[in-house]
1. Gaussian network model of the chain, Cα springs within a sub-10 Å range: biggest mean-square fluctuation belongs to which of LEU155, LEU58, LEU134?
2. If exposed GluC sites (Glu not before Pro) are those in a DSSP loop with at most 16 other Cβ within 10 Å, what is the longest stretch of the chain that has none?
3. Going by how many other beta carbons lie within 10 Å of each one, how would you line up HIS57, HIS77, HIS83, HIS143, fewest first?
4. Could you compute the FRET efficiency for GLU33 and LEU64, with r as their C-beta to C-beta distance and R0 at 22 Å, rounded to 0.05?
5. Would you mind calculating the relative contact order of the chain from Cα pairs under 8 angstrom and at least 6 residues apart, reporting the percent as a whole number?
6. Hand me the tally of lysine pairs in the chain: alpha carbons under 24 angstrom apart, and the pair either on different chains or 8 or more positions apart.
7. Evaluate segment 2-166: find the radius of gyration of its Cα atoms, find its Kirkwood radius, and give the ratio Rg to Rh.
Amino acid sequence: MFYCIDFESTGAANGQEPLEFAWVSLSIDGKFENHREIGFEDVKGGRELSFNETYPHLRDAWPLIEKNLHNQVLVGHNVSYDHALLVKTFPAFKSAGLIDTLTLYRQLYDKQIDDYSLSSLMSIFQLGDKIDQLVCNDHFEPHRAMYDSYACGLLLQRLLQDETTRSIFFHEEKQGELF
């Protein structure tokens, strides 16, 4: 199982405080399983956001994060940013591996693409119709955690379903075993 994650934060000028966090689970055969989105109340300098599930601070979500994400393979578009926020807040947090769709697409397509942003890759690979079918809340739009988690998942799904790139993720001798 892969867990596509995304944080939205206040940005560097306001101390990179997390505003919202979401994850989407994707099976090794490339099917979306479930998702979760949480917001954080005690953030200064942030946008006004509303969520069904809100915690005062990221650290208060530890039981949920530990149960679902601890020792799992995390995927993100520039995943080191998201992973760093988790480890900074939860020093005991461990992942089973990190997959960065930004790095993968840069390596696979080198100079064929000028812009490797999430929105650009979604457009280039014509994934707009697919993400439109996944709308799961009233704020499902780019630069929101749930949307960006699903967008990252669609980029990963594309690589998992293509025989030429699927081998990046699995041992050839042990079919179905990650890395």
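Laboratory data are not the source of any read-out in this text; all were calculated from the coordinates shown. Small disclaimer: the values here were computed from a predicted structure and weren't measured. All Cβ positions, glycine included, derive from the backbone under ideal geometry; neighbour counts span all protein chains shown.
1. It is LEU134.
2. Working: sites that count: GLU41, GLU48, GLU53, GLU172, GLU173, GLU177.
Result, exposed sites excluded: 54-171.
3. On the way: HIS57 13, HIS77 25, HIS83 18, HIS143 10.
Exposure proxy ranking, most exposed first: HIS143, HIS57, HIS83, HIS77.
4. Details: r = 16 Å, r/R0 = 0.74.
According to the calculation, E is roughly 0.85.
5. Values: 281 pairs, mean separation 40.9, N = 179.
Dividing the mean separation by the residue count of the chain yields 23 percent.
6. Working: LYS31/LYS67; LYS31/LYS130; LYS31/LYS174; LYS44/LYS88; LYS67/LYS88; LYS67/LYS94.
Total qualifying Lys-Lys pairs in the chain comes to 6.
7. Values: Rg = 15.4 Å, Rh = 16.2 Å.
Radius of gyration relative to Kirkwood radius: 0.95.
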